[in-house]
Structures are given as structure tokens and as C-alpha cells.
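> Okay, here's the structure, questions in a sec.
The values are calculated or read from the model by the stated rules, or taken from the named source; none is laboratory data. Bear in mind that the values here come from a model prediction, so they are computed numbers and not experimental data. As a convention, Cβ positions derive from the backbone with ideal geometry for all residues, glycine included, and neighbour counts pool all protein chains shown.
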Amino acid sequence: MIQITNSLTREKEELVPLEAGKIRMYVCGPTVYNFIHIGNARPLVFFDVVARYLKFSGFQVTRIMNYTDVDDKIIQKAKEEGVSSDVITQKYILEFETDMKLLKVEAPDVQPKVTDHIPEIISIIEKLLKNGLAYVADNGEVFFSVRSFPGYGKLSGKRLDDLLVGARVAPDEKKRDPLDFSLWKPRKETSEPSWESPWGPGRPGWHIECSAMSVKYLGDTFDIHGGGMDLIHPHHENEIAQSEGASKKVFAKYWMHNNMLTVQSEKMSKSLGNIWLVREFINRFTAEVLKFFLLSGHYRSTLDFSERQVKEHQAAIHRIYTTLEKVSQLETLEIKGSSNPTIEEQNLSKAGTDFSQQWRAAMDDDFNTAKLFGLIFDYIRAVNAYIDKKGFKPSPHTHALMQRFTSELSQVSQVLNLFGENPTAFLKELRLLFLKERGLTEKEILDQIEQRIEARKSKNFQLADDIRSTLSAQGIELRDKVTGTDWDVSFTLGS
Ligand SMILES: [Zn+2]
């Protein structure tokens, strides 16, 4: 049984699909005029995991995410760059798709654009006019009349009087009530993108697009509507008013909202100059580290970003892949013969059983990825305790225990689209990125190792020790083996 915290009822509820075995979901997508930052990536990664987990649990999922490709910010950017809005939106849709691929986020089933749905938008506005929920001002602007819709405020829990406090009517605005919002905006300049309508040339207001596109692809009523908490009011509140006002049916059954990503407790925003673009982050630290970080907190909690967080998540990912690499090497060993499992082997077997029961329970409980990660580390600790034990020798049970571990993790990997890289290749990538961050090269490390070998040969142990500690101070750890000296990076804090 999957439980979801429904923002509409403010309660955790059992997910009961409208149609057995099927889930229809809509998530508000990006306004395409800029590169996305890691705060924008949080809902993309999270709702992808929701859809994947629902599929993993046997549901057939239809997921829609829109592109807002007509908007004041787009028009502004087009003006600044002296190009048409289309040039801006086409460019940033492609850039967005590139980022989705880098993030290993599956494309939704449909990614409809506002500009391809003007007739649908006009038709829903006509319905609202007919139902007495909208009116046309004398300049051709169409407004939604908030006070005419009785359920307004049910999602945000805000009363109309509270909302009125912050609402204002600009001197040139034609709305009858400060609470009303625009459904259709008349064209101001001929250079703006605009379409013919019964109210003259113009373009849709922001909120109406999601009402028009969700009904087209998912029907009047669908299962899950998602988005960031910052969209609850006014955007989602307005979507409900428009959709339910037009269809007179319930809009979305469950509302899910992810909390914000902050940078040292402040919002990530251009004006504060604390933006990390998805692309920038991935180039420096890999998509695995980013996704792991974004999913490391429960989606309803804020997630605070800092250098320290990056280091902690690098260290954690490094640990997971190091274990996966060691395990994959042991997995190929099949030792014949028989013996009773040791205490350690019994413990590890139990850790596997616990993990397989508990990770799904964590995901069933409102997609608790934070808890899931805790379980993964418990399991990893048990695996490491077994294989890193002094004097460890593979036994006839080792093979099955290692296989169990990789198969459990690969199930999780199906849901998160994480931890699925080839461990050896990925660890190499992590090491090289680590060196690059510190302005080091692999050759320099290998030269140092060579010098240390020479120093030891000539019994200059002081020099050999100095080389080791200099490298260690740079986060490079040496491991002497019979076959030679290996090196690895250490993502400990402070290095
Ligand atoms: Zn929306």
C-alpha cells in the first residue's frame, strides 16, 4: 500500500487510483528562457522517482510535464537579445532536454507546449465565461473572478481576506477585484507573440495553460498533480479554480509538493548570486552525486546546499561504488564445497532480508528516499564488515551473499536511476574529477608513487614517509599491496 501526503487534505492517504492499475500524473514544467539550476532539478528528479516507483509497483503511469513557452520573462529575454521568442524557447527546450539526459531523468510521456495549445486554452476560457466565473474587461483582457468560485483557497488553506492583504490592482489594470487573475492578456506590442481570440489578439495568462493541457492529456479528473511548494499559491490554487470551474468535476485527487532547495538557508536565485547550474554541477561532481544529494532529504523538507553537503555526498557515493566494485570482484568467485555459514555470513544474510523488506516500506511511506538511503548504508556497512574483516577468505556462501547484495541494489537502482554505473569506470571518473578540482594530474600522482618506491629501495624511509603524507594532505591515499602501490582519493571533510 502506497501512502502519499496529500497537500489538499494535509493528510497522509492511501494511493487509490481512479482507474485500477493506472496512474495519471501532471507536473508543472519549466519556463524555457534559461539554463536550469540544481534547485529546479529537485522536482524533476523527485517526480521521476515517483513515476518510476509507481511503475516498479505495477502501475501503468502516464506522466505529463508542460513547457511554458510564452511568458513575460521569455519576451523580455528575446528583446534583450534582439531575437524572436521562438528562438529563445527552442534553444532552451533543447538545453533542458540535455540537462534531463545528464540527470538521467526519463522524459515524461508528453511534454506539451503552451503555444501548441492555444485553441484548447481559448475553449476553456469560453467555458469559464459561460459558467459565470470569468469576465472580459473593456481592453479585451479576460479575468477569472475569484469570489465567484466557492472553493478558492482550499489547497493553500488561505482565506480570501488573508489573500486580499497582499493583493493590489495596478493603476492600468482593469480587474474588478484585486484577487482576480488574468486568463487572457491583450497584445501590448505587435512584436509580442500573440494569437487571435474572441477577445482580440493576445496571449494566455500563465495559470490557464496547465488547466488546458492536463485536461487534454489526462481528462477532467486525474490522480496526481505535482510541483514545487512555491507553486501552491497562486498557481495551483488558480489551476483548481479554472479546471473545476470549467468542468464542475474534481481536478486532481492527490497533490504532491516538494520543498525548496536553499543555499545556506536562502533561496537559490539569480538576484542572490548563489546559483549552481545543473550542468556546472554535473561537470564538476557527476550526476550521481547531484541526484544522490537531491534525494537525500525527504521531498517535503527543505534541502540546504553547501560545499560541505557536496563533500559528504561525494564521500557517500564513493563509498557505495567502492563497495560495489569490491563485491563485483568477489561475485565472480565460486567456491565449491560445503561449510556451515559463519556468524558473519548469517548476519549478512539477515541484513539482505531486512533490506528487501524495509526499502520498499520506506518508499511506500510517502516516497521516503531519505530513509531508503539510510537502509542502503546499513546494508553496505554489513557487507563491508564481512568482506573487510581481517583474514577474510571467500567461502561457498560468499557468491550468493554478494549476488543478493547486487540484485537488491539493482532493484533500487531501477527506481532511483542511481548506482547503476560500472563501478570501476565510475570510480575512475570520480578520482579524475577530484584531481581536476585540486589542479592535480594522474601523472603527478604516479610520479610521486614512483619516487616513493625508489626512496624505499634506497632505504630513505624519511623521504618515502614525506611523500605519503604530502599526498595524504591533498586527499590522496596510498595503499601498498603485494602487487604494487595503489592510490585512491579520500573525500573526507577538510580535504
Ligand atoms: Zn502548472
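> Residue by residue through the range 170-227, note down the ones that are among the aliphatic types (A, V, I, L, M) and more than 20 Å from residue 30 (Cβ to Cβ).
Hits for the range 170-227 are 170, 179, 183, 215.
> Something else about it: Assuming residue 191 fulfils every condition listed in (1) over 21 Å from residue 146 (Cβ atoms); (2) within 25 Å of the chain's Cα centre (by Cα); (3) not in a strand (DSSP E or B) apart from one, which condition is it?
Just one mismatch for residue 191, condition (2).
> Residue 27 is checked against (1) at pLDDT 95 or above; (2) surrounded by fewer than 23 Cβ atoms within 10 Å (Cβ to Cβ) and fails just one. What number does that condition carry?
Going through (1) at pLDDT 95 or above; (2) surrounded by fewer than 23 Cβ atoms within 10 Å (Cβ to Cβ) one by one, residue 27 breaks only (2).
> Scan 132, 157, 153 and give me the residue that is surrounded by 18 or more Cβ atoms within 10 Å (Cβ to Cβ), of a type in the set (Gly, Ala, Ser) and not in a strand (DSSP E or B). Write out each step before concluding.
Details: 132 fails: surrounded by 18 or more Cβ atoms within 10 Å (Cβ to Cβ); 157 fails: surrounded by 18 or more Cβ atoms within 10 Å (Cβ to Cβ).
Just a single option satisfies the conditions, and that option is 153.
> Which pairs do you get when a residue that is modelled with pLDDT of 90 or more, found in the range 437-450, comes within reach of a residue that is surrounded by fewer than 18 Cβ atoms within 10 Å (Cβ to Cβ), reach meaning Cβ atoms under 6 angstrom, with the pair 6+ apart or on two chains?
Between residues of the range 437-450 that are modelled with pLDDT of 90 or more and residues that are surrounded by fewer than 18 Cβ atoms within 10 Å (Cβ to Cβ), the close pairs are 445/487; 449/485.
> Can you go through 136, 142, 146, 215 and tell me which one is among the β-branched types (Val, Ile, Thr), in contact (Cβ under 8 Å) with a residue 40 or more places away in the chain, in contact with a helix residue (DSSP H, G or I) (Cβ under 6 Å, 6 or more places away or on another chain) and in the same structural domain as residue 71 (by TED's automatic domain parsing)? First the steps, then the outcome.
Working: 136 fails: in contact with a helix residue (DSSP H, G or I) (Cβ under 6 Å, 6 or more places away or on another chain); 146 fails: in contact with a helix residue (DSSP H, G or I) (Cβ under 6 Å, 6 or more places away or on another chain); 215 fails: in contact with a helix residue (DSSP H, G or I) (Cβ under 6 Å, 6 or more places away or on another chain).
Residue meeting the stated conditions: 142.
> For residue 433, state whether it is in contact with an Asp or Glu (Cβ under 7 Å, 6 or more places away or on another chain) and surrounded by 16 or more Cβ atoms within 10 Å (Cβ to Cβ).
Values: in contact with an Asp or Glu (Cβ under 7 Å, 6 or more places away or on another chain): no; surrounded by 16 or more Cβ atoms within 10 Å (Cβ to Cβ): yes.
For residue 433, the condition - in contact with an Asp or Glu (Cβ under 7 Å, 6 or more places away or on another chain) and surrounded by 16 or more Cβ atoms within 10 Å (Cβ to Cβ) - is not met.
> Quickly run through the range 204-243 and pick out the residues that are surrounded by fewer than 22 Cβ atoms within 10 Å (Cβ to Cβ), more than 13 Å from the ligand (Cβ to nearest atom) and among the charged types (D, E, K, R).
Scanning the range 204-243 gives 216, 220.
> Mind checking which residues of the range 380-394 are surrounded by 15 or more Cβ atoms within 10 Å (Cβ to Cβ) and in contact with an Asp or Glu (Cβ under 7 Å, 6 or more places away or on another chain)?
386
> List the residue pairs whose Cβ atoms are under 9 Å apart, where the first residue sits in the range 25-38 and is within 14 Å of residue 275 (Cβ to Cβ), the second is in a loop (DSSP other than H, G, I, E, B) and within 16 Å of the ligand (Cβ to nearest atom), and the two are 6 or more positions apart or on different chains.
Close Cβ pairs (under 9 Å, with a partner that is in a loop (DSSP other than H, G, I, E, B) and within 16 Å of the ligand (Cβ to nearest atom)) amount to 36/30.
> Can you tell me which residues in the range 244-269 are more than 15 Å from the ligand (Cβ to nearest atom), within 20 Å of the chain's Cα centre (by Cα) and touching a residue at least 24 places away in the same chain (Cβ under 8 Å)?
Across the range 244-269, the qualifying residues are 254, 259, 260, 261, 262, 263, 264, 265, 267, 268.
> Return yes or no: is residue 242 at pLDDT 95 or above and of a type in the set (S, T, N, Q)?
Numbers: at pLDDT 95 or above: yes; of a type in the set (S, T, N, Q): yes.
In short, yes.
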